[in-house]
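Quick notes on the structure that follows.
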Amino acid sequence: KNQVEQSPQSLIILEGKNCTLQCNYTVSPFSNLRWYKQDTGRGPVSLTIMTFSENTKSNGRYTATLDADTKQSSLHITASQLSDSASYICVVTEFYIPTFGRGTSLIVHP
Amino acid sequence: GAVVSQHPSWVICKSGTSVKIECRSLDFQATTMFWYRQFPKQSLMLMATSNEGSKATYEQGVEKDKFLINHASLTLSTLTVTSAHPEDSSFYICSARPDRDGRALHFGNGTRLTVT
């Protein structure tokens, strides 16, 4: 069964600090990997999307990396802001079928 | 950018009644849309895959007679929760996959359903 595991489950950091979220997957064959940000009570918003051949993708203070050999991805957030507090969801797609991770809940404290 | 409009954003209904939730892709066509359910502090759980012009595909454990899905056009899918019960109270989210870019997946803002 295809799986997407995210860690940590939750994370608390101080404003201005950096953090890294992890995503490990067993989905195969692999089409693409996406990171989404979901604010409480809202729908997920796409941050990055990477295909098999891409190792890194940036979107402002968000940088995603992908190691297709080890089936691992990370999302690095630089200089965190209070508005970064949200759930971050990793989605791995096999052909056109997405598999969702459980998400990492990030809380940024002032 | 691509926009998916979900309506209503919240609804309160009495036990035993039915509720319809709409998911519209505003500026793109989507043959395939997805419906999810999300409980507090949990990730999205896929309920069903909605395909325009054909029957929806339901995930294991999801009652198709309770959660009716209609995908009548390339820009609209609806989810009807029939004979709602308090345990159906949840956050329901839809997503749409643009026909022009199969890699993308755009989400609606969700519908908070409370059944009293």
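Kindly provide the set of residues from the range B:98-112 that are open to solvent by 40 Å² or more (accessible area, probe 1.4 Å), within 11 Å of chain A (Cβ to nearest Cβ) and not polar (S, T, N, Q), ordered by number.
Once the filter is applied, which keeps residues that are open to solvent by 40 Å² or more (accessible area, probe 1.4 Å), within 11 Å of chain A (Cβ to nearest Cβ) and not polar (S, T, N, Q), the range B:98-112 yields B:101, B:103, B:106, B:112.
Given the condition of a type in the set (A, V, I, L, M) and touching a residue at least 40 places away in the same chain (Cβ under 8 Å), answer yes or no: does some residue in the range B:85-96 qualify?
The answer is yes; a qualifying residue exists.
Residues in the range A:53-63: is at least one at pLDDT 95 or above, under 10 Å from the mean Cα position of the chain (by Cα), farther than 23 Å from residue B:35 by Cα and part of a strand (DSSP E or B)?
Checked against the condition, which is being at pLDDT 95 or above, under 10 Å from the mean Cα position of the chain (by Cα), farther than 23 Å from residue B:35 by Cα and part of a strand (DSSP E or B), the range A:53-63 yields at least one hit.
Say we look at the range A:23-37 and pick out the residues that are at pLDDT below 95 and of a type in the set (S, T, N, Q); which of these is nearest to residue A:49 (Cα to Cα)?
Applying the filter and picking the extreme gives A:32.
Please go through the range B:26-77 and pick out each residue that is of a type in the set (A, V, I, L, M) and open to solvent by less than 70 Å² (accessible area, probe 1.4 Å).
Those that are of a type in the set (A, V, I, L, M) and open to solvent by less than 70 Å² (accessible area, probe 1.4 Å): B:30, B:33, B:44, B:46, B:47, B:48, B:56, B:62, B:69, B:74, B:76.
Within the range A:36-43, does at least one residue satisfy the condition of being of a type in the set (Gly, Ala, Ser) and crowded, with 18+ Cβ neighbours inside 10 Å?
yes
Go through the residues of the range A:27-37 one by one and say whether even a single one is more than 14 Å from chain B (Cβ to nearest Cβ) and basic (Lys, Arg).
No: the range A:27-37 contains no residue that is more than 14 Å from chain B (Cβ to nearest Cβ) and basic (Lys, Arg).
Any residue in the range A:5-21 that's among the hydroxyl-bearing types (Ser, Thr, Tyr): show its pairings with residues that are open to solvent by 50 Å² or more (accessible area, probe 1.4 Å) at Cβ separation under 6 Å, as long as the two are six or more apart or on different chains.
Close Cβ pairs (under 6 Å, with a partner that is open to solvent by 50 Å² or more (accessible area, probe 1.4 Å)) amount to A:7/A:22; A:20/A:76.
What strands (runs of 3 or more DSSP E) lie completely within the range B:35-81 and have 1 or more residues being of a type in the set (Phe, Trp, Tyr) and modelled with pLDDT of 90 or more? Don't jump to the end; show me each part of the working.
Values: elements: B:45-51, B:67-73, B:76-81.
Qualifying strands (runs of 3 or more DSSP E): B:67-73.
Given the options B:115, B:19, B:81, name the one that is open to solvent by less than 70 Å² (accessible area, probe 1.4 Å), in contact with a His (Cβ under 7 Å, 6 or more places away or on another chain) and aliphatic (A, V, I, L, M).
Of B:115, B:19, B:81, the one residue that is open to solvent by less than 70 Å² (accessible area, probe 1.4 Å), in contact with a His (Cβ under 7 Å, 6 or more places away or on another chain) and aliphatic (A, V, I, L, M) is B:115.
Out of curiosity, is residue B:15 farther than 16 Å from residue A:45 by Cα and either in a strand (DSSP E or B) or within 13 Å of chain A (Cβ to nearest Cβ) (or both)?
For residue B:15, the condition - farther than 16 Å from residue A:45 by Cα and either in a strand (DSSP E or B) or within 13 Å of chain A (Cβ to nearest Cβ) (or both) - is not met.
Residues in the range A:44-58: is at least one surrounded by fewer than 19 Cβ atoms within 10 Å (Cβ to Cβ) and under 25 Å from residue B:112 (Cα atoms)?
yes
The values are calculated or read from the model by the stated rules, or taken from the named source; none is laboratory data. Nothing here was measured: the structure is a model prediction, and the numbers come from that model. Counting neighbours? That spans all protein chains shown, and the Cβs are built from the backbone with ideal geometry, glycine included. Remember, those area values only see protein heavy atoms, side chains included, never the ligands or the DNA or RNA. Shrake-Rupley method; radii C 1.70, N 1.55, O 1.52, S 1.80 Å.
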